[in-house]
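The block underneath contains the structure these notes are about, expressed in structure tokens.
The values are calculated or read from the model by the stated rules, or taken from the named source; none is laboratory data. Here the structure is a predicted model, which is why all the values come from computation and not from measurement. No Cβ is skipped: glycine too gets one built from the backbone with ideal geometry, and neighbour counts run over all protein chains shown.
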Amino acid sequence: MTSSRRHLEPLKEWLIERFIWLCGVSAIFFVFAIFVFVFREGAEYFFNGFKAGEFFSSIEWYPTSRTHVRYGALALITGTFSVSFLSMFIAVPFGLGAAVFISEFCPPRLKEGLKIVIELLAAIPSVVWGFIGLTIMNSLIVQLFNAPLGLNMLNGAIILALMSVPIIVSIGEDALKAVPDSYREAALALGCTRWQMVFRVLLPAARNGLLAAVLLGIGRAVGETMAVLMATGHSIRIPRGVLEPVRTLTATIAAELGEAPVHSEHYQVLFIIGILLFTITFVINITADLIVRGIGKK
Amino acid sequence: MFEATDQTRRKQRQEKAIQYLLTAMTTIIVLPLLLIIFYLLYKAAPILSLEFLFENPIHGMRAGGIWAPLLGTIYLVLISLLIATPVGIFAAIYLNEYSRESWMTRVINLAVVNLAGVPSIVHALFGLGAFVLFAGIGRSILAASLTLAIMTLPVIIASTKESLAAVPHSFREACWNVGATRWQTIRHVVLPNSISGILTGVILQVSRAAGETAPVMFTGAVFFKAIQTGDPFAYGLLDQCMALSMHLFTISTQVPDVPEALTYGTAVVLLGVVLLFNALAIFLRVKLRGKKKW
């Protein structure tokens, strides 16, 4: 190595390390940028004329009315939460049940296979799920429940449940795996059956991780767009039963952003909905992370 | 004398019942995947052929193939890959090789988790606000790819970090002891030993980017665009394009009277591409685990 190159080595090293640091902090920058740019598009209306009271308490969403434009998002908010919670009603027991089965009951060979299938299930694109809701689930629900419409809350919830189950299973299984084997051995040595061991020892010990799994499942359900846009029937109202069509916050943005003129009031309100969604998922993710770290400390 | 007591028998019955219940629950989760794939394939069978891939949609998207959307998706995926892969790999190198346990690392990890958790439609709003309007790129392949790149960044950071962490620390110590710098160690020891794991992450990223709809819908993908069939360079960087995922959405909800086989065919191709890349990543990972000697 010539001496001039040797002089350059530290400089090169320094440059590369700066670059690596830059990439490292880029994730923080991007999250921050997402908030700033989404908020920026809606800011003008948010500070002038945006009626938060109407937004959160009225169900009258008439963004393109000629005479009296109203932006009441209550029906959209209840739409998002009713579909999400109904889907969790299905996904949590099945997801946790499958996590327990995979982690504690199933033979090792089958375990590998099941984990692969669950991973593939997680990979199905949301628009394909939406298509499945539109076609297969649609006719199934009409036939099974005698419903007038197959595109409704139940349809969306089942699709969302199938979409969030893989997250619940994989994070739930990690949480169960993190419980030390000595706990299992102690329980079995006392004469517990496997189920007693799971129910009395493992579930309490893995409580936090399982809770985080459920939270991340909810986060996925709340933020899902294409599947609910295609499967829930897209009608703005407070649902009175699971067989009624609903519309969610995400679906509203996806359906209306294309038609709203850039920088119009309507357009800006859609960005404000975006900020609301960002805030909801942000809180859910931070909470889940804090819960998981909580275990790490112990 | 050693006969089971009533209580033991009750316990055994309960144990059996629970096992059956859990097995059934798992089956109910796993079964839909297989049913869905077979049903879609069955419905799409009449139309699936090479011509379907290489012909453009015609007659208001009610006939023909999927060439324009397929090529658009390939463009979007490749360009987003070019942007996200280096940033993601270096970010993972920072997190695994340079940073110490500090509040900064904590915040970065939180940011990565949050970036993965931001709803896809919010990514779309961000792409529209930042790239299309603020940066003035306009609705284009470039703007859509940038949006996709940021969205898929967490995928590659997570898997790269995992494969870097799998390289034993003794490898690094041995390298430092012969006088190599941190970067030299990473470049010549850590990266070569984790390259297959990183590749797995890149493949997963492809699969994720190919399936996304919402982020490209308002940043660069259009309902319809006529391009030359057979010309792989038909799109420019600043052109708008069709995308397979959005095409499926369009023909199944926005266009009336589309023949059933056409929509099912599009769904099968999209699902096929995504699952194929995922299966490849899984295959690579399983093979890798078998080969590892430390």
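A few comments on the model shown:
- The helices (runs of 4 or more DSSP H) found entirely in the range A:191-259 that carry 3 or more residues being closer than 30 Å to B:Ala4 by Cβ are A:194-197.
- Screening the range A:115-146 for residues that are of a type in the set (S, T, N, Q) and more than 20 Å from the chain's Cα centre (by Cα) and picking the one that is nearest to A:Thr248 (Cα to Cα) gives A:Asn138.
- Residue within the range A:150-159 that is within 13 Å of chain B (Cβ to nearest Cβ), crowded, with 19+ Cβ neighbours inside 10 Å, assigned to a helix (DSSP H, G or I) and touching a residue at least 12 places away in the same chain (Cβ under 8 Å) present: yes
- Test: residue in the range B:94-105 that is under 20 Å from B:Ala209 (Cα atoms) and either β-branched (Val, Ile, Thr) or facing chain A (nearest Cβ under 8 Å) (or both): no
- Looking only at the range A:37-49, and only at residues there that are touching a Phe, Trp or Tyr at 6+ places or on another chain (Cβ under 9 Å), surrounded by fewer than 23 Cβ atoms within 10 Å (Cβ to Cβ) and hydrophobic (A, V, I, L, M, F, W, C), the one that is farthest from A:Pro63 (Cα to Cα): A:Phe37
- Those residues of the range A:64-89 which are over 16 Å from A:Arg247 (Cβ atoms), in a helix (DSSP H, G or I) and of a type in the set (A, V, I, L, M), in sequence order: A:Met88
- Residue count, the range B:164-199 (criterion: of a type in the set (A, V, I, L, M), loosely packed, with under 13 Cβ neighbours inside 10 Å and within 14 Å of chain A (Cβ to nearest Cβ)): 0
- Filtered residues of the range A:138-149 (kept if out of contact with any strand residue (DSSP E or B) (no Cβ under 9 Å at 6 or more places or on another chain), on the phi < 0 side of the Ramachandran plot and either part of a loop (DSSP other than H, G, I, E, B) or surrounded by 24 or more Cβ atoms within 10 Å (Cβ to Cβ) (or both)): A:Ala147, A:Pro148
- Inspection of the range B:47-67 finds a residue satisfying the criterion of being touching a strand residue (DSSP E or B) at 6+ places or on another chain (Cβ under 8 Å) and free of Cβ contacts under 8 Å to residues at least 12 places away in the same chain.
- Lone unmet requirement of (1) within 30 Å of A:Ile253 (Cβ to Cβ); (2) modelled with pLDDT of 90 or more; (3) assigned to a helix (DSSP H, G or I) for B:Thr219: (3)
- Restricted to the range A:81-108, and to residues there that are among the β-branched types (Val, Ile, Thr) and within 15 Å of A:Ala161 (Cβ to Cβ), the residue that is surrounded by the fewest Cβ atoms within 10 Å (Cβ to Cβ) is A:Ile90.
- Selection over the range B:130-173 of residues that are charged (D, E, K, R) and not in a helix (DSSP H, G or I) gives a count of 1.
- Residue check, A:Val228 buried (at least 18 other Cβ atoms within 10 Å of the Cβ) and free of Cβ contacts under 8 Å to residues at least 60 places away in the same chain: no
- Qualifying residue in the range A:100-117 (condition: within 7 Å of chain B (Cβ to nearest Cβ), among the charged types (D, E, K, R) and closer than 23 Å to B:Gln205 by Cβ): no
- Among the residues of the range B:262-277, not a single one is more than 30 Å from A:Glu112 (Cβ to Cβ), out of contact with any helix residue (DSSP H, G or I) (no Cβ under 7 Å at 6 or more places or on another chain) and more than 10 Å from every other protein chain (Cβ to nearest Cβ).
Condition check ((1) touching a Ser or Thr at 6+ places or on another chain (Cβ under 8 Å); (2) modelled with pLDDT under 85) across all residues:
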residue	(1), (2)
B:Ser49	no, yes
B:Phe54	yes, yes
B:Leu71	no, no
B:Gly88	yes, no
B:Ala92	yes, no
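- Residues in the range B:172-193 that are touching a Phe, Trp or Tyr at 6+ places or on another chain (Cβ under 8 Å) and either at pLDDT 90 or above or closer than 15 Å to A:Glu17 by Cβ (or both): B:Arg182, B:Thr185, B:Val189, B:Val190.
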